1. Once you've got the Cα coordinates, tell me which of Lys359/Lys379; Lys131/Lys261; Lys177/Lys359; Lys67/Lys365; Lys274/Lys333 are over 23 Å apart.
2. Going by how many other Cβ atoms sit within 10 Å of their own, how do Val281, Val270 line up, fewest first?
3. If you rank Glu302, Glu253 by fewest surrounding Cβ atoms within 10 Å, what's the result?
4. Using the number of other C-beta atoms within 10 angstrom as an exposure proxy, rank Arg221, Arg238 with the fewest first.
Amino acid sequence: MNTTATQTATSTDMVVVPGTEIKPAPVIQQDIVAYQAADPQEQQQIESVIQEIDLKDRSSIMFFGTKTQEQMTTISEKMLNGVKNKDIGAAGGSLTNMIAAIKGFDIDQLDPNQKLSWWRKLLGQAKPVVKFLDKYEEVRKQIDTITDQLENHKTQLLTDVVTLDKLYDANLDFFHKLEIYIAAGEEKLRRLDMEEIPAMAAQAEINSDDMVLAQALRDLRSARDDLERRVHDLRLTRQVAMQSLPSIRLVQENDKTLINKINSTLVNTVPLWKNQLAQAVTIFRMSDAAEAVKRSNDLTNELLEKNAETLRMGNAEVRKQMERGVFDIESVKKANRTLIDTIQDSLRIADEGKVMRAKAEGELKTMEQELRQALIAAKSQSGNEMTR
């Protein structure tokens, strides 16, 4: 839908707020690109990461890629906090108040055929239009207050959408960094298996009496196994990062949907409701004026009936036209119900978004716990092997 927030749509269309358009998800490869298949720039990055691996220093293996993993953990925590702290109920409450205010305003009170009874006239009660306008002014103030609240909710949700965009980009960046670390670890394992370990094994076989060389070979193989486990942990973290990307987009799209529903209420429902009431008041006054004309015509007819039959027939035609109904109260009521249905649809979307956020919160908690357990297990196992 090519439209802006300043355009007015019909009651069945939703105005799309700039910045809430659905963005296509980036293409993510299912497997890591091997060193040999990488382009020269990526190979240079992989070589730089390989230099961080010191097989003689077990800590370099234990903490290989840890910084990137910690950044991923920080992103997961921000994502979880964002879901927990998001109060969509406030926006839903404002929409509910809007419905209550509109429902509480009974347009039937402005019936052009309603007459003041003799005892109401005796008590000096106000005419229906006066009471109607007083009620309208009261409801208008309520709706203006709710409109301000909805504007604040929309502003906060727009801020959240921008924040989630930044969070998504950061997550995607760390995801690519993880791929570089994994590719570097696998390339180092390949070199160990194909070059370094076979060469040292051959040398140890020739010098079978060299115990120092034999121990060095065992240490190299042990370091190689540690590195393999570390690369496996990084792959698990990569999987978590891959799952976080659609989760972020899910929360973001729900925010965008609610923003557009709120905006549709502000640019469609409220102006149409005010316009509807203005028309009702105008029609009522037209009917009141027509009644005054009718009384004047009746008096004229009484005075001229005997002297002007032609005038009587013409006047009868005028009265007939004046008596025609010009105000269809059922149409106004139907329009009012349609506007209410639009707002209730907004509430349903908000409730669905709330359920999906709750589900996302549970999934994020599980993923965060699994990641923490994986890191703790990796560090614990590495620590035990170093102790041995």
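1. Numbers: Lys359/Lys379 31 Å; Lys131/Lys261 33 Å; Lys177/Lys359 28 Å; Lys67/Lys365 21 Å; Lys274/Lys333 14 Å.
Pairs exceeding 23 Å: Lys359/Lys379; Lys131/Lys261; Lys177/Lys359.
2. On the way: Val281 14, Val270 19.
Listing Val281, Val270 from fewest to most nearby Cβ atoms yields Val281, Val270.
3. Details: Glu302 9, Glu253 18.
Neighbour counts put them in this order, fewest first: Glu302, Glu253.
4. On the way: Arg221 14, Arg238 24.
By the 10 Å Cβ count, ascending, the order reads Arg221, Arg238.
Since every read-out is calculated from the coordinates, none of them should be taken as a lab result. For clarity, every value in this text was computed on a predicted model and none was experimentally measured. Using ideal geometry, Cβ is built from the backbone for each residue, glycine included, and neighbour counts are taken over all protein chains shown.
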